[in-house]
Each structure stands twice: as C-alpha cells, then as structure tokens.
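The values are calculated or read from the model by the stated rules, or taken from the named source; none is laboratory data. Model, not experiment: these values are computed from the prediction. Ideal geometry is used to build each Cβ from the backbone, glycine not excepted, and the neighbour counts take in all protein chains shown.
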Amino acid sequence: MKELLGKSVSDIHELLSAKKVSAVEVAKTFLEHAKSNDKKTNAFICHTDDLAIKQAETIDIQIAKGEPLLPLAAIPLALKDNLCVQGYPTTCASKFLENFKPEYDATVVKKLFAAGSLCVGKVNLDEFAMGSSNENSAMSPAKNPWNLDYVPGGSSGGSAIACASGYSTISLGSDTGGSIRLPASFCGVVGMKPSYGVVSRFGLVAFASSLDQIGPMARRVEDVALALSQMHGKDQYDSTSIDQTKIAGYPDLSLSFVQSLKKESPQNVLKGKKIGLIADTIGEGADSCVREATLEAVRRLEAEGAKVEEVSLEYNKHVLPVYYLISSSEASANLARFDGVKYGARAKDAKDLNSLYSLSREEGFGPEVKRRIMLGTYALSSGYYDAYYKKAQQVRRLLLEEYDKLFFEQKFDALLMPTCPNTAFKLGEKTQDPLKMYLSDICTIPANLAGLPAISVPFGLDKNKLPIGLQLMAPRLHDGELLRFAFALEKLAEAKSSLSPVLAASV
Ligand code: GLN
C-alpha cells in the first residue's frame, strides 16, 4: 500500500471507488509510514491514530452504503498545532500550552472533517507561529526531508514536511508573514495563503490578527485548490470572514470551479496575460540559483503567451520594519491572555498575583516570543505609539495602495517573484542573529500586509538538491485566478523535483 503515500486526492479516490483500498487501509498506511519515518524529521507533535481510524471507519460505512465520495473522503490531513481540535493537544509548540486540550474544533477543522478527511496528527511549528525555520519550537526543531541538516522553514514547518514526506496528502498551516509559503518553498510543496477574510480564523490561536490567515498545503496545486474549496466562506464566529459568492465578479471557489481549472492548458491560462516580475526580489541579495529559476520561469511563461514586465515597488523596501512592528504589537496584545490563570500553565512558586503572572509568563514563553512581546509592548506604549505603530500602519496603507495601482490601474493580472531569496539553510545557521532570520520573509510579507492571496509553487532544485519555490500573487479576493496561474506554473515546472528523498525511498 506504500504507493498511496505520494498520490494525489484524485488518485486515492480512484482506488477507493474501484474498491482497491479501504479508508481504514489508507489511514493505517499513512500512520505507519509517519511513525516509522518521523523519528528523522520530527514533524509531529502528536499522532492522532484513534481519530484518523474513527474517521476512516465512517467513510468505509458510507462507501459500503453506496453513498457518493465526499470531496476529501479518506484523505490524510496534518494540522499545524495552533489549530484547535476538540479533545486533542493544541500546544502551539509552547511549554505554556503543553497540556491544553480545546473544547471545540476550529471552523476550518470542522469543515475539512465534514469533507471526509482523516486527521493523522498535529504538527510542529515555531512557538506561537513566530519564526522562519521551525527552530523556535519548544518541542525541538523539525528537519527538512530533503536533507536532515537543513531547516524545513517556518513557522508551518511540520505541515510542509508532512506533505513532502508522504505523512499526509494535505496539511493546514497558518501564514502571518509567510509561514505557509516559506516552508512550502523549502520543502518542495505547494502552499497558499488565501486573501485575508476568505478563510475563517476561528479556532486558530492568534498571533497577529490583522495578518493571520489559515491556508492549505499539498504536493500538487490541484489538491491545494480542492482543500480551499472546502475551507473558505463566511463564519459567524469570525467577523472578518467573507462570503465570496456574494461578491459579484469573483470566482466562487466552488468544487466544480476548482476542478475545471486543472483541465486548462498553460497557454489557455497565460495567453495575453500581463505578469509583473518584482525585480528587487532577484537583485543582489538573492542566491544565483533562485534568480536563474525565476528568469527561467519568466521565459517559460512568455513562451506560453504571457507578457512579463519588470516592476518595482517604492514601499517594498520598508516591509520588514513595518511587519515586525505591526505583528509584534498585535502579538503583545493577543498573548496578554496567557497569564497562568485563564490560559496557560501556572507557575508553582508564586507568592502573590503579580508574581504569578510574571513567573508563569517567564516559564511559559520561549525567547523569541518574549522578544516579540517586548518589541510590541514598546511600540504600543504611550509616547511611542505615534512614532512606531501608527507610522507602520501608515506605510502599510501606502504599500496596499501601490499594489492596487499595479493591479487596477496598470492592469497586471498577477505578480511573480521568488518565495524566498534563498533555499533552505542549515539548522543553527541563523539562530544567533534574529535580523538575518527575519530577512527570510522579505518576499512573503507584502501579501499579508496588503491582504492579497499568494501561493508558492516548487520550481526545480538548487545545486545541493534542495527545492526552489516561486511565488505568485493576485489582487485581493482573486484567489481562484491565482490558482489558475499556479496550475499553469506548476505545469511549466519540472515534475521531477517533487519527490523528497524520505518519500522517494518509501514508494
Ligand atoms: N517568519 C515570520 C515571523 O516570524 C512569519 C511568521 C508567520 O507567518 N506566522 O513572524
């Protein structure tokens, strides 16, 4: 049954429909593979065998009754461990939440379970999703399945590893400044951050609420699109969520819409389309292999009839300070609830209420989380608010307007750039220098600041045989259009780059 591990949703469904495999067999195959191989990669914080088997048994009953297959029937799913699953640990890779079991499912979790998926486990991340390498996990870092000396990227490192290694077919991550796209790019899988509001954030442990989005990851664009078709929509528990179907002119992201996308040829999608290449992202700071891959993609897009033009954005150079001020400010407010009383592990030796708060926070949070809380509290304090937080919000607005101009005045259909200026780096290489680590997000942050949809698609390997990821961005709420471009780019990339050694050795 090992051949199941690298298969797409539609392949697994063909086997299920032909009764060549049962849902329980699918579950067991993935669970066993994950357990025996994850000692190397450390993607899982907890395996949820009982849940997966229970869900699989329900699917098998539906199949036996002759009911049609649900869109994600028997599809193994890994969840980033900052998404609430009722009755199962949700640690955020933090000592603070080591023993926390939520009372409810996140809306996305509920939706994907209702679509038939099998939850194989909760997976590793940087503590509270703060980081770019997964090394800030209090549960020990995860490792890149292409080369175990390298980081998988963060913060949704476990989610990317799970897809790249065949532990799951689909994973969910969260993306505040690039945390889905960066690990997708480092691990050679597809990862999408939907437009802000397209997916409900209810049940996601908040990092920075105006930037956070939950999104899908998979080895193929087709499966990312399928997962999104089941996750999006208005949710009464998240007032920022949107019902796309109510907004005229936007693709509805329905199942039939996303299934129609895969039938289109790249030429069909790309002919006459105007794509902007963000030139600064392949300048001096970028690895030559990443620059080469980007330019190769441009040549292939042009060969299919797209018009690619270089663009540069005036405010892009400010995105790092703007992001780290806004995200840390919001994080300092969101994480104020962890006090050892209402939320989080309580310190034992406190003498009074104040020392209970401070000792619990001292013991519960790791160094990067403390750094962000201090930065955010400082930026929000009276006297500094105008100079830092307010200024950052003003620049964010200017950046957003600049993107609007590109899409709506200059009529670009999509933007192309690398997901990261470099491929995966070695474990430990950047841990002593937070600023160097923060630079990994330079290409991904703009989409979060401007609320735009963005996707990372694998595009070949570097000289060390590590994956390169290219990023596409589209106007806000044009998530369907973005997927259409991503399908085309995937077809233009070399398919041979998509099997990680951990997966290749097993199938
Ligand atoms: N790497 C970025 C950070 O550390 C982004 C994190 C994220 O998207 N969750 O803040």
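Assorted remarks:
- Filter result for TYR88 (of a type in the set (Ser, Thr, Tyr) and over 17 Å from THR48 (Cα atoms)): no
- When ASN448 is tested against (1) out of contact with any strand residue (DSSP E or B) (no Cβ under 9 Å at 6 or more places or on another chain); (2) modelled with pLDDT of 95 or more, only condition (1) is not met.
- Remark: GLU127 falls outside the filter, which requires a residue to be surrounded by fewer than 24 Cβ atoms within 10 Å (Cβ to Cβ), within 13 Å of the ligand (Cβ to nearest atom) and on the phi < 0 side of the Ramachandran plot.
- If you go through region 266-297 and pick out every residue that is touching a strand residue (DSSP E or B) at 6+ places or on another chain (Cβ under 7 Å) and closer than 18 Å to ASP462 by Cβ, you end up with 8.
- Against the list (1) out of contact with any His (no Cβ under 8 Å at 6 or more places or on another chain); (2) over 27 Å from VAL269 (Cα atoms), the condition VAL395 fails is (1).
- Exactly one residue out of LYS411, LYS405 is surrounded by fewer than 17 Cβ atoms within 10 Å (Cβ to Cβ) and touching a strand residue (DSSP E or B) at 6+ places or on another chain (Cβ under 9 Å): that is LYS411.
- Enumerated helices (runs of 4 or more DSSP H) restricted to region 408-500, each holding at least 2 residues that are at negative phi and within 15 Å of the ligand (Cβ to nearest atom): 434-438, 445-450
- Counted residues, region 225-275 - those being farther than 24 Å from SER117 by Cα, under 23 Å from the mean Cα position of the chain (by Cα) and in contact (Cβ under 8 Å) with a residue 40 or more places away in the chain: 3
- Selection count where residues are touching a Pro at 6+ places or on another chain (Cβ under 7 Å) and within 16 Å of the ligand (Cβ to nearest atom), scope region 162-172: 1
- Across region 190-202, the number of residues qualifying as in a loop (DSSP other than H, G, I, E, B), in contact with a helix residue (DSSP H, G or I) (Cβ under 7 Å, 6 or more places away or on another chain) and more than 16 Å from the ligand (Cβ to nearest atom) comes to 3.
- Residue that is surrounded by the most Cβ atoms within 10 Å (Cβ to Cβ) [pool: residues in region 465-507 that are touching a residue at least 12 places away in the same chain (Cβ under 8 Å) and of a type in the set (Lys, Arg)]: ARG484
- ILE214 vs. criteria hydrophobic (A, V, I, L, M, F, W, C), under 30 Å from GLU494 (Cα atoms), within 16 Å of the ligand (Cβ to nearest atom) and touching a helix residue (DSSP H, G or I) at 6+ places or on another chain (Cβ under 6 Å): yes
- Helices (runs of 4 or more DSSP H) contained in region 314-400 and holding at least 3 residues under 28 Å from the mean Cα position of the chain (by Cα): 319-334, 367-380
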